[in-house]
Amino acid sequence: MHSAASQFKLMRMDKPLSIWSRIAAIIAALARGEGLSVVFDYLRAPPERSVAFTIAVIALGAKMAKADGHVTRNEVETFRRIFQIPREEEENAARVFNLARTDVAGFDAYARKIAAMFGPGDPVLKDILEGLFAIAVADGDYHEAEDAFLLEVARIFGLEQCCFRSIKATLVPDAEPDPWTVLEVTPGAPLDQVRAAWRKAVREAHPDRAIARGLPEEAVKLAQERTVALNRAWAEIQASTAA
């Protein structure tokens, strides 16, 4: 019988499998006694980035659900919408979720391993935080405990507070959708500086870039939704400065 590490190596040598088949192979190995947190070590170099991204969001989403105190049907449906989990693979996704939820390791330990797996400044860390925000607001109620959880995850990931505020302003219904915050620029900044920030953010959110940095194709829609918010913010700033 193979350990989780050797199972993962064999999995990489075999013919390409679907993301959920690869996750299922990892879970089969983990079922033999190793904790879920060790998965992040096996995904590090070179990281199977689509698998890593998906497991990171499931695992931290499970920890966030514990902070919130319950998991709603809307949160589950949002996860299914983001990842388009095939019906036959729902059990594998649920096993990852439950392993993370019951693991004695704290969410901060998970967040540190995920941050180390991708490395400082990797845009995927922002993608993961954005996915967690989408799940957090799915039930229509953004809780104080969720805010504290996500703020700490952002800190461990090394993301600036302006990045955290930008995602929050974009996705949380009750947050002030200030266009300056969305574009992560200082209110009243020169228009050429704002334009440069907008262009850079739109480039990062482009679907081709999102796929290239390892997001599953099913999750690229989050980047597309980010682009809509960025363009709206830029248009609002242009209009306000022209008035």
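The values are calculated or read from the model by the stated rules, or taken from the named source; none is laboratory data. Small disclaimer: the values here were computed from a predicted structure and weren't measured. Ideal geometry is used to build each Cβ from the backbone, glycine not excepted, and the neighbour counts take in all protein chains shown.
Pick out the one residue from 204, 152 that is at pLDDT below 90, surrounded by fewer than 20 Cβ atoms within 10 Å (Cβ to Cβ) and not basic (Lys, Arg).
Result: 204 is the single residue among 204, 152 that is at pLDDT below 90, surrounded by fewer than 20 Cβ atoms within 10 Å (Cβ to Cβ) and not basic (Lys, Arg).
Just one of (1) modelled with pLDDT of 75 or more; (2) surrounded by 13 or more Cβ atoms within 10 Å (Cβ to Cβ); (3) of a type outside the set (Val, Ile, Thr) fails for residue 106. It is (2). Scanning the range 207-219 for residues that are touching a helix residue (DSSP H, G or I) at 6+ places or on another chain (Cβ under 8 Å), farther than 16 Å from residue 131 by Cα and modelled with pLDDT of 90 or more turns up nothing. Scanning the range 157-180 for residues that are within 15 Å of residue 130 (Cα to Cα) and assigned to a helix (DSSP H, G or I) yields 157, 161, 162, 163, 164, 165, 166, 167, 168, 169, 170, 171.
For the range 115-127, enumerate the residues that are part of a helix (DSSP H, G or I) and within 19 Å of residue 204 (Cβ to Cβ). Passing the criteria: 115, 118, 123, 124, 125, 126, 127. Only a single criterion out of (1) assigned to a helix (DSSP H, G or I); (2) surrounded by 15 or more Cβ atoms within 10 Å (Cβ to Cβ) is not satisfied by residue 199, namely (2).
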